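Okay, so here's the structure we're looking at.
The values are calculated or read from the model by the stated rules, or taken from the named source; none is laboratory data. Nothing here was measured: the structure is a model prediction, and the numbers come from that model. Ideal geometry is used to build each Cβ from the backbone, glycine not excepted, and the neighbour counts take in all protein chains shown.
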Amino acid sequence: MAKPISLPRPRLATSGEEALLGDAVVVTRLDRAIGWARKYSIFPYPFATACCAMEYMSLSMSAYDIDRFGALLPRFTPRQADLLMVIGTVTMRQAPILRRVYEQMAEPKWVMAFGACASTGGFYDNYTTLPGIDLVVPVAVYVPGCPPRPEAVLDGLMALQRKIQREKQFPPREAAAR
Ligand code: SF4
C-alpha cells in the first residue's frame, strides 16, 4: 500500500499578516501588497535649493546606494514623482512655487523636509526665509541636521517606507475624488 504523502501544515494568517501555504504560495491582503510595492518604488522629485543638495548627491554614490531602497531614480517633473524632497532653504518667494509643484504631483504623494532649513528655516531668522515648509505643504517625514548625514536621510526614508506600508491604500471614494 502506498504511503500517504504528508503535506506541510499551512501557517494560519493572523490579522494583517501573510500566510505561507507550503513553499510556493503566499496569501496576503491586497492592501498590504500594494503598500509593499509602493514603499519600494519611490520616485523622488528633488526640490534642491541650497547646500543640503551636496548630501543628496552623495546618497546615490556607492557608499550609501539609495537604490537599495528603491528610491534612486529622481524624476524632474512632479507629475511622475510621488516623493517631494525639499532640500535646503526655501524663501518666501519660493513658497508658492513649492506649493504648485506639490499640487502638480499625483496621489498618493509624500513630502520629506531634508535638513534644518527645510524643517524649521534653520539658522535664518529673517523675513525672507520660510520658517518651515510645513507652512505650505504637508510634511510626512523630517530629517534633522545641517546638513543631515546621508545615514540620517536613509533613516528618514525607512521611516517613510514604514508609514507608506501602514497607510490605507484604498481611500474612501469621496476622499479620492477631492
Ligand atoms: S540645513 Fe544647513 S546645509 Fe542644509 S541648506 Fe540649510 S544651511 Fe545649508
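Can we say residue 138 is part of a helix (DSSP H, G or I) and over 25 Å from residue 63 (Cβ atoms)? So residue 138 fails the test.
Might you check whether a residue that is charged (D, E, K, R), surrounded by 13 or more Cβ atoms within 10 Å (Cβ to Cβ), within 16 Å of the chain's Cα centre (by Cα) and assigned to a loop (DSSP other than H, G, I, E, B) occurs anywhere in region 87-107? For region 87-107, residues charged (D, E, K, R), surrounded by 13 or more Cβ atoms within 10 Å (Cβ to Cβ), within 16 Å of the chain's Cα centre (by Cα) and assigned to a loop (DSSP other than H, G, I, E, B): absent.
Tell me, please, whether a residue that is within 12 Å of the ligand (Cβ to nearest atom) and either farther than 24 Å from residue 165 by Cα or at pLDDT 90 or above (or both) can be found in region 101-112. There is no residue in region 101-112 that is within 12 Å of the ligand (Cβ to nearest atom) and either farther than 24 Å from residue 165 by Cα or at pLDDT 90 or above (or both).
In the set 53, 33, 37, only one residue is within 16 Å of the ligand (Cβ to nearest atom), part of a helix (DSSP H, G or I) and either at pLDDT 85 or above or over 30 Å from residue 91 (Cα atoms) (or both); that residue is 53. Looking only at region 50-104, residues that are closer than 22 Å to residue 122 by Cα, touching a Pro at 6+ places or on another chain (Cβ under 9 Å) and free of Cβ contacts under 8 Å to residues at least 40 places away in the same chain come to 2 in all.
In region 60-78, the residue that is modelled with the lowest pLDDT out of those that are more than 12 Å from residue 41 (Cα to Cα), in contact with a helix residue (DSSP H, G or I) (Cβ under 7 Å, 6 or more places away or on another chain) and in a loop (DSSP other than H, G, I, E, B) is 60.
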